[in-house]
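Trainee: So that we are looking at the same thing, I have put the structure below in structure tokens.
No lab work stands behind these numbers, since they all come straight from the coordinates. A quick note: this is a predicted structure, and the numbers were derived from the prediction, not measured. Every residue, glycine among them, receives a Cβ derived from its backbone with ideal geometry; neighbour counts consider all protein chains shown.
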Amino acid sequence: MNSDKHKSIDGSDESDSEIIRKCELELSQIEDRRITRESEMEHANAGFTTRKPEVRSEKRKACEEDTNSEDGYVTVEKRRPKRLLRSISTGLGQNTTSKEIGSKNEVCVTSFKELPKQMALAKVLRSENILNIETIKYKSPFKVLICFQSNNDAKKINKL
């Protein structure tokens with residue numbers, strides 16, 4: 001029966017003061033672990049920021065090797081040439097006639113009124129016997145660029 005007096009509620013033989021000391025010890029250990037984790041995170045973040053300048057300095061060292069020591073200038077290499085457009089490069093391989101860029105036969109038609117839409121304009125041009133049109137580009141409802149195959153066809157529209 002004496003042994004029952006010394007037992008605590010959970011059935012251990014420790015006194016209340018000993019249980020409190022153990023709880024305080026566990027609490028302090030948990031707090032120490034939290035503090036060490038926070039310091040490790042801060043250290044890791046500090047290490048992360050210090051890594052960037054090291055990488056940059058390595059890049060700078062590589063760039064410094066390329067410099068001309070006499071003048072202090074950096075040598076720059078040319079980029080590779082740009083590729084030709086696919087339509088131009090494939091057209092040159094076939095037996096098609098290629099247009100010269102400088103010899104375009106373009107006529108700019110402007111009006112104060114809105115010009116007709118593409119199909120209506122094509123009908124008007126056909127009725128005026130203006131043929132051999134390559135392209136029609138609408139710049140605005142009041143301005144159209146018409147590209148012809150020959151200079152004679154372009155002159156026909158100027159006579160109107």
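Trainee: Sort Leu131, Leu160 so that the residue with the fewest other Cβ atoms within 10 Å of its own Cβ comes first and the one with the most comes last. Could you put the intermediate results ahead of the total?
Mentor: Values: Leu131 12, Leu160 9.
The order, fewest Cβ neighbours first, is Leu160, Leu131.
Trainee: Once amide H atoms are placed 1.01 Å from N in the peptide plane, what residues at a sequence separation of 5 or more from Glu14, or on another chain, have their amide H within under 5 Å of its amide H?
Mentor: Distant-sequence amide H within range of Glu14: Ser8.
Trainee: Okay, next question. Quick one: which residues, 5+ away or cross-chain, put their amide H under 5 Å from the amide H of Asn105? H built at 1.01 Å from N.
Mentor: Placed amide hydrogens put Phe148 under 5 Å from Asn105.
Trainee: As a quick test, which of the pairs Lys117/Lys139; Lys104/Lys137; Lys117/Lys137; Lys113/Lys155; Lys113/Lys159; Lys113/Lys143 have an alpha carbon distance above 18 angstrom in this structure? All intermediate terms of the calculation are to be shown ahead of the outcome.
Mentor: Working: Lys117/Lys139 12 Å; Lys104/Lys137 14 Å; Lys117/Lys137 11 Å; Lys113/Lys155 23 Å; Lys113/Lys159 20 Å; Lys113/Lys143 10 Å.
From Lys117/Lys139; Lys104/Lys137; Lys117/Lys137; Lys113/Lys155; Lys113/Lys159; Lys113/Lys143, over 18 Å: Lys113/Lys155; Lys113/Lys159.
Trainee: By the scheme Lys and Arg +1, Asp and Glu -1, what is the net charge of all other residues having a beta-carbon under 9 Å from that of Cys108? Could you put the intermediate results ahead of the total?
Mentor: Details: positive: Lys139, Lys143; negative: Glu106.
Summing Lys/Arg as +1 and Asp/Glu as -1 gives +1.
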